[in-house]
1. Under the rule a/c < 1.5 gives rounded, and otherwise a/b versus b/c splits prolate from oblate, where does the chain land using the Cα gyration tensor?
2. Note down the relative contact order for the chain as a percent, whole number, built from C-alpha pairs under 8 angstrom at least six residues apart.
3. How large is the Kirkwood hydrodynamic radius of the range 189-240, in angstrom, based on all distinct alpha carbon pairs?
4. Dividing the alpha-carbon radius of gyration of the range 111-231 by 2.2 N^0.38 Å (N being the number of residues), what value is obtained?
5. Please list 68-76, 18-26, 155-163 highest first by mean number of surrounding beta-carbon atoms within 10 Å per residue.
6. Using the alpha-carbon centroid of each, what span in Å lies between the range 38-61 and the range 124-171?
7. To the nearest 500 deg cm²/dmol, what mean residue ellipticity at 222 nm is calculated for the chain from DSSP H runs of n ≥ 4 alone, each contributing -39,500 (n - 2.57), summed and divided by the residues?
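Every number in this text was worked out from the coordinates using simple rules, so none of it is lab data. On a predicted model such as this, the values are computed, not experimentally measured, just so you know. Heads up, the Cβs are rebuilt from the backbone with ideal geometry, glycines too, and the neighbour counts pull from every protein chain shown.
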Ligand code: IPE
Ligand code: IPE
Ligand code: MG
């Protein structure tokens, strides 16, 4: 595994098929802002910039799939003005990302229970997904996403289809992440060591990496540290 800075040219491929999919629980925006005497909304705005920088970096080092946890099914419990700020940031991203995604070879997908969003936004999300589908780097943005809601939604779809002998493959095929390999590495910033309802089914054999770094401060060097930790581990998948 080569991770030296000088070898990271534009076309460098620095991860291999062992690390196809990296997922991020982007936590710590609010605390980052509060530490600076700023409103939490400022942390979300800076966090959105960090997200773009990290996505670009992951693409550059050869990651094929990246998933980010942007808004959980439980985040509606926040004060309405904070929820509104985050929704505005997500809507801005959706309205502006199409051209950029194309330029940067990104296939942007949105995962979660999207039915709560406006028709306009949903159509825009579907359009971006469709029009960028040929790009090699897949970026899943989880919004109004909850692992339990996703499993419930998959069960409901299987029941609707009259399925009786349900297999693991049936369930996986009805998750929002269908067609995407399971995450190899899940990184959580912000110091907490919990899953918070993220990718419950898909994380069965994921490696976890927790860091105290608050999301707005998270840098390409921090990605390197997480990747290095991943490659230092021995994944046994139940074997020896
Ligand atoms: C993560 O940062 C962003 C979302 C959950 C939307 P937080 O807003 O949770 O920041 P902290 O954890 O309160 O610092
Ligand atoms: C997890 O962060 C959700 C996202 C990053 C979108 P939270 O800040 O919501 O998690 P908890 O509440 O601390 O578990
Ligand atoms: Mg948090």
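1. Numbers: a/c = 1.34, a/b = 1.06, b/c = 1.27.
Rounded is the answer for the chain, as its axis ratio a/c remains below 1.5.
2. Taking the mean separation of contacting Cα pairs over the length of the chain, I get 26 percent.
3. One decimal place: 12.6 Å for the Kirkwood radius.
4. So the Cα radius of gyration is 1.21 times the expected 2.2 N^0.38 Å.
5. Sorting 68-76, 18-26, 155-163 by mean packing, highest first, produces 18-26, 68-76, 155-163.
6. About 25 Å separates the Cα centre of the range 38-61 from the one of the range 124-171.
7. The helix contribution divided over the chain gives -13000 deg cm²/dmol.
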